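**Student:** I'd like to ask you about the structure that follows.
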Amino acid sequence: MKNHSTQPLINLLRKTHSAEWEATPSSHEAIGWLTDLVQFLFPSNHLPKQSSYEGILKKNQIDLENILLSYLDPKTTDIEAIVEAFYDSLGSIYENLRLDANKIYEYDPAATSVNEVIVSYPGFYAITVYRIANRLTRLNVPVLPRIISEYAHGKTGVDIHPNATIGVPFMIDHATGIVIGATSVIGNNVIIYQGVTLGALFVAKEMSDIKRHPTVKDNVVIYARTTILGGNTVIGENSIIGGSVFLTKSVEPNSQVFNTHQLRITSKTYTLDSTEFNV
């Protein structure tokens, strides 16, 4: 077998890595930090002996600061101020998440307790990571919010861009296959079922600063496999959007939108000529 020199590849990697990867946080460290933070907020077991909430939180703060120091220039970014602002807001993030969990428990008949929702529901986990990532995004932290959002995406099948604006409480039922785009705006008391997409009508790089995704007002329910597209599309408050609906136009408040099929069933014992049903 002929030996091929790998030195050109090594030189290329060194060149590109110095330009790109030094400005990127470690995914391993970011996911570890996120896992510890979620465990601090919602411990699935009792804290170890000799441990304290204060000590665990302080370690988490130091870990975040070290992650930011690893790829942000402290000469141009006040990293300490970012860390302080994030943890100052952690109490309100936690309170909002408790409201989210209560909402899921209240509306999901399969949920036996709020604690079950917190420790086992993928929709709640996706919301948890979104609220953490969104706060980091609001503090102008680059890259890190996307890393943890995509980690949650992989675990839950729920793809929420950290730039999206989502009110409280918010409920995702069943999770899996949900996409919420970067410029989506979702109000309070909204419920979304599996397979829902809040997406853009057109995708082009020059549209990055334009609102491309829908607005969903307060008290809206969107059922499974529905697709709503467009930055000018507004779903009015108190509306119900049935399953398998495709929308690119706005809906007035207090509307009900359903995709109605004609179903024909025949058998040896009976014939059902036409039945309307809502998916």
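**Student:** To the nearest 0.05, how large is the calculated FRET efficiency for GLU116 and PHE202 if R₀ is 51 Å and r is the Cβ-Cβ distance?
**Tutor:** 0.80
**Student:** Moving to a separate point now. Among LYS103/LYS205; LYS75/LYS217; LYS205/LYS249; LYS58/LYS155; LYS59/LYS211; LYS155/LYS211, which pairs are too far apart, with a Cα-Cα distance over 32 Å?
**Tutor:** From LYS103/LYS205; LYS75/LYS217; LYS205/LYS249; LYS58/LYS155; LYS59/LYS211; LYS155/LYS211, over 32 Å: LYS103/LYS205; LYS75/LYS217; LYS59/LYS211.
**Student:** Quick one: angle between helix 122-138 and the longest Cα principal axis of the chain, in degrees between 0 and 90, rounded to 10, please.
**Tutor:** For helix 122-138, the angle is close to 50 degrees.
**Student:** Oh, and also: Rounded to the nearest 500, what is the chain's calculated 222 nm mean residue ellipticity when only DSSP H runs of at least 4 contribute -39500 (n - 2.57) each, over all residues?
**Tutor:** Theoretical 222 nm ellipticity from helices: -13000 deg cm²/dmol.
**Student:** Right, another one. Show log10 I(q)/I(0) for the stretch 200-268 at q = 0.19, 0.25 Å⁻¹, two decimals, from a solvent-free Debye sum over equal Cα scatterers.
**Tutor:** -0.75, -1.06
**Student:** Something else: So how do ARG131, ARG138, ARG225 line up by other beta-carbon neighbours within 10 Å, fewest first?
**Tutor:** In increasing order of surrounding Cβ atoms, one gets ARG138, ARG225, ARG131.
**Student:** Counting only Cα, what are the radius of gyration and maximum Cα-Cα distance Dmax of the chain, in Å?
**Tutor:** 22.8, 80
**Student:** While we're here: Consider just the alpha-carbon atoms of the stretch 164-279 and return their Rg together with their Dmax, both in angstrom.
**Tutor:** When restricted to the Cα atoms of the stretch 164-279, Rg and Dmax are 16.3, 60 Å.
**Student:** Still on this structure: Around VAL245, which amide H atoms from residues at least 5 apart in sequence, or from another chain, sit under 5 Å from its own amide H, with H modelled in the peptide plane?
**Tutor:** Here THR226, THR227 satisfy the definition.
**Student:** Another one. Evaluate the stretch 22-157: find the radius of gyration of its Cα atoms, find its Kirkwood radius, and give the ratio Rg to Rh. Write down the numbers at each step before the final one.
**Tutor:** Numbers: Rg = 15.5 Å, Rh = 15.8 Å.
Here Rg/Rh amounts to 0.98.
Rule-based calculations on the coordinates, nothing more; no lab input. As the structure is a prediction and not an experimental result, all values here were calculated from the model. Ideal geometry is used to build each Cβ from the backbone, glycine not excepted, and the neighbour counts take in all protein chains shown.
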